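Peer 1: Mind looking over this structure? Questions follow.
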Amino acid sequence: MILKKMFSRGWLFTTLLVLAGTAVCARLGIWQLDRLDQRRAFNTQVETMRAADMLDLNQELPLDIDSMEWRSVAVTGEYDFENQVVIRNQYNGNQYGYHIITPLLFDGGSVLVDRGWIPADGNSTPGDWRKYDEIGPQNVTGQIRIGQAQPIIGGVADPELSPEKKRMDAWNNLNLERIAQQIPYPILTVYVQPNTEDAASSPPIAFQPIVELTEGSHFGYALQWFTFATILFVGYPFYLRKQK
């Protein structure tokens, strides 16, 4: 009787809305569980890599280095300032600026290094950045990081390089694959983010993101969405029973 009433002419539209709402709530619950799995995988990656021994790129260059994000790394080499770029929309406190990204050449290869934050004022051209040159062999220690192929939500994608535009000095995203296209030699598919323990008080100022190894609120949100779905799916027939 209830099933017949649910799909009667007078209640069909309402029934379809309830079923659609149930499906949406259930899908949102599954999405939150997927986010929880991703968060747990991220936490495991960070904890595993941070527990690993420091990787010395001068001694070892693993083929799967792009799977080692957050592992400690050390490398000694010399910077190539002719091919450095900056990443826009970076802040030091409330002060707007860039992160200066410079290739480091070492025996066996080359890798990009995020040397840190520089102010936007007085740094609009590559020539302006040369005042931050660090000449000679440099010992860099930090963490392995992977690039950002896609902009974050609300971010702006960089235009494609072309025969007419073969190089960009300022980028919106640290897209290693595309930046590599304008560098005249091979570079690793990761970059180095130097440690901040000995960071200089003057630019470039090294930066390390704060990583929270928690599961967040995804499980709680999933329970809420599944509860809403259950209320709709189970409560609707009881509601119909009370209607004349």
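Peer 1: How about segment 58-123: which strands (runs of 3 or more DSSP E) wholly inside it have at least 3 residues that are more than 19 Å from GLN138 (Cα to Cα)?
Peer 2: Working: elements: 72-79, 85-92, 95-106, 109-119.
Here the list reads 85-92, 95-106.
Peer 1: Counting only residues that are of a type in the set (Ser, Thr, Tyr), open to solvent by 20 Å² or more (accessible area, probe 1.4 Å) and within 24 Å of the chain's Cα centre (by Cα), how many does segment 71-109 have?
Peer 2: Of the residues in segment 71-109, 4 are of a type in the set (Ser, Thr, Tyr), open to solvent by 20 Å² or more (accessible area, probe 1.4 Å) and within 24 Å of the chain's Cα centre (by Cα).
Peer 1: Mind checking whether some residue in segment 67-89 is in contact with a helix residue (DSSP H, G or I) (Cβ under 8 Å, 6 or more places away or on another chain), within 28 Å of ILE135 (Cβ to Cβ) and of a type in the set (Gly, Ala, Ser)?
Peer 2: yes
Peer 1: Residues that are crowded, with 16+ Cβ neighbours inside 10 Å and of a type in the set (Phe, Trp, Tyr): does segment 177-187 have at least one? Talk me through it step by step, then tell me what you get.
Peer 2: Here is the first cut: in segment 177-187, the residues crowded, with 16+ Cβ neighbours inside 10 Å are 178-180, 183, 187.
Now narrow it down to the ones that are of a type in the set (Phe, Trp, Tyr): none.
So far as segment 177-187 goes, no, none of its residues is crowded, with 16+ Cβ neighbours inside 10 Å and of a type in the set (Phe, Trp, Tyr).
Peer 1: Filtering segment 203-244 down to residues that are closer than 21 Å to VAL86 by Cβ and in contact with a Phe, Trp or Tyr (Cβ under 9 Å, 6 or more places away or on another chain), which residue is most open to solvent (accessible area, probe 1.4 Å)?
Peer 2: The first filter runs over segment 203-244 and keeps only residues closer than 21 Å to VAL86 by Cβ, leaving 203-209.
Next cut, in contact with a Phe, Trp or Tyr (Cβ under 9 Å, 6 or more places away or on another chain) only: 203-207.
Working: PRO203: 46, PRO204: 25, ILE205: 31, ALA206: 21, PHE207: 99 Å².
In this case the residue turns out to be PHE207.
Peer 1: In this structure, is ASP37 without any contact (Cβ under 8 Å) to a residue 12 or more places away in the chain and open to solvent by 70 Å² or more (accessible area, probe 1.4 Å)? Don't jump to the end; show me each part of the working.
Peer 2: Numbers: without any contact (Cβ under 8 Å) to a residue 12 or more places away in the chain: yes; open to solvent by 70 Å² or more (accessible area, probe 1.4 Å): yes.
Criteria met by ASP37.
Peer 1: Something else about it: Filtering segment 1-34 down to residues that are basic (Lys, Arg) and open to solvent by 80 Å² or more (accessible area, probe 1.4 Å), which residue is modelled with the highest pLDDT?
Peer 2: Among them, the one singled out is ARG27.
Peer 1: For segment 98-139, enumerate the residues that are in contact with a Phe, Trp or Tyr (Cβ under 9 Å, 6 or more places away or on another chain) and of a type in the set (Lys, Arg).
Peer 2: ARG115, ARG130
The values are calculated or read from the model by the stated rules, or taken from the named source; none is laboratory data. Please read these numbers as outputs of a predicted model, since none were measured by experiment. Here the Cβ is made from the backbone with ideal geometry for all residues, glycine too, and neighbour counts use every protein chain on show. Ligands, DNA and RNA are stripped out before the accessible areas are found, and what is left, the full protein with its side chains, is counted by its heavy atoms. Shrake-Rupley method; radii C 1.70, N 1.55, O 1.52, S 1.80 Å.
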